[in-house]
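Since the structure comes first, as structure tokens, the remarks are kept for the end.
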Amino acid sequence: MTIEVLILHYIQEKRRKPHHANELLDYIQNEYVNGKLSILQYRSLCQDLYLRGANPTTSG
């Protein structure tokens, strides 16, 4: 899954655009816990979100 596809899934579920990468980080953490993302997808998306400014210490 790419960040672009992730954003589309986020918008579809939340009915709004994410305002910050931390919102997407929270979203993928929830998706991973609920079994909707594999560990490989989760780690890849985390890496990309960290590069885009997500901060794991302030997320969630």
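Some values worked out for this structure:
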read-out	value
Failed item in (1) open to solvent by less than 100 Å² (accessible area, probe 1.4 Å); (2) assigned to a helix (DSSP H, G or I); (3) under 13 Å from Met1 (Cβ atoms), with Leu40 passing the rest	(1)
Residue satisfying condition, being surrounded by 13 or more Cβ atoms within 10 Å (Cβ to Cβ) and either at pLDDT 95 or above or in a helix (DSSP H, G or I) (or both), within set Glu4, Glu23	Glu23
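The values are calculated or read from the model by the stated rules, or taken from the named source; none is laboratory data. Since this is a predicted model, take the numbers as computed values, not measurements. In this analysis, Cβ positions are derived from the backbone assuming ideal geometry, glycine residues included, and neighbour counts consider all displayed protein chains. These accessible areas exclude ligands, DNA and RNA; they are computed on the full protein's heavy atoms, side chains included. Shrake-Rupley method; radii C 1.70, N 1.55, O 1.52, S 1.80 Å.
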